[in-house]
Structure formats: structure tokens, C-alpha cells
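A quick write-up on the structure given underneath.
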Amino acid sequence: MAQQQITDGMVVSLAYRLFVDGKEIARMESTDPMEYLHGAQNIVPGLETALEGKKVGDKFSVTLQPEEAYGEYDDEDIETIDRSDIPDADQLEVGMVVEVEDPDGYAYMAHVKEINPDTVVLDFNPPLAGKVLTYEVEVVSLRDADEEELAHGHAHGMMFEDEDDMYDDEDYDDEDYEDDERA
């Protein structure tokens, strides 16, 4: 029997090390791998492309340019906002991540770049925007996604920082999941 290859609709478990400018910034061990649903755009596009066709046990390194990962850094994603428009503005610190809601009620994450007496400068770029990323990857396991995973667009073993945004059906509640810092 031929060994399965990574294709759309498969749940893939990965161990990896992520480097920026030669410095390791993230790691997932094979004993606690990251899971994702291949083809559902749950990971950076260049890494998903590099994984296509790989098999369990495959190890490889891939370097991704910004456009293959989190995009170029965009100066237009820097905004100056009146402090009076930010709840708890007195508690902000440079480097802190805050959630900002637009007039339509959509929430966005931003990094506090600068704090002034009357304004706060927020950076809405992803933290790794504009960076060249190098991944050292090992494919730990593969399986076909089940119908629920395909319908929801993610592997059910995958953890997110804010499950409330990811699960809006009654089958999932916060008590079933612990916070996780997966990349």
C-alpha cells in the first residue's frame, strides 16, 4: 500500500522550528505537534504549498519571502487614534497587543507602537509582516479530515488564541480547550 501524501482535505501534524534572521522564534515538537487542515488556508500560504505531496517522516527546510507568508509591511496599516476613543487607554504600554473594533463591529488586533498625551499610534500589521521566514519541518502524521472538520474548515485538534471567534456553534465551548501558543 502506498504511503499517504498531503493533499487538500487531510489533517496534517507537524513539528517545526521557525527562524527569522537566523534566530529561532517558535518551535513545535513532534511529541506535541501542530495540526492543521490542508487546503483550508489555516497556515501561511508558502508553507502550505511546500507541504503539498509530502509524506509522514519527510523532513525539509523552506524559506518564505514575505509575500508567501504574512505579506509585506504596510505603512498604511499604522493609525493614530485619539486616546479618548480607546477604553482603558491609561493602561496601555508600548508593544502591547490590543483589540480595536471598527464602526461595523469587526475586531482587529494591533500593536501599540507609540503613546502620546492625546493619541495612540497603533500598528495593524501582523508581527511577522515583511519578514523572511525559514521553517525546518517534519511531517509527524496524516489522516483524512472528518466531515465536521471539513465543514468547519479546521482540524479539531488545532488550538486558537480566541476560540470564541473560531467556534460559533453549540458543539464547542471554551471549557473544552486550553489556551495554546501555536504559530
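Numbers for the structure displayed
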read-out	value
Number of positions in segment 17-30 that are farther than 21 Å from G130 by Cβ and over 14 Å from the mean Cα position of the chain (by Cα)	2
Per-region count, segment 94-128, residues in a loop (DSSP other than H, G, I, E, B), under 30 Å from I43 (Cβ atoms) and either charged (D, E, K, R) or in contact with a Ser or Thr (Cβ under 9 Å, 6 or more places away or on another chain) (or both)	2
Residue within segment 66-74 that is in a strand (DSSP E or B), more than 30 Å from N116 (Cα to Cα) and modelled with pLDDT of 95 or more present	no
Single match in E52, E67, E76, E93 (criterion: surrounded by 12 or more Cβ atoms within 10 Å (Cβ to Cβ) and either under 20 Å from F124 (Cα atoms) or not hydrophobic (A, V, I, L, M, F, W, C) (or both))	E52
Residue count, segment 69-93 (criterion: under 26 Å from N42 (Cα atoms), free of Cβ contacts under 8 Å to residues at least 60 places away in the same chain and out of contact with any Asp or Glu (no Cβ under 7 Å at 6 or more places or on another chain))	6
Residue check, L150 touching a residue at least 24 places away in the same chain (Cβ under 8 Å) and part of a helix (DSSP H, G or I)	yes
From I115, I81, residue being at pLDDT below 95, surrounded by 10 or more Cβ atoms within 10 Å (Cβ to Cβ) and touching a strand residue (DSSP E or B) at 6+ places or on another chain (Cβ under 9 Å)	I81
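The values are calculated or read from the model by the stated rules, or taken from the named source; none is laboratory data. If you're wondering where the values come from, they're calculated on a predicted model, not measured in any experiment. Because the Cβ atoms are built from the backbone with ideal geometry, glycine has one as well, and the counts that use them run over all protein chains shown.
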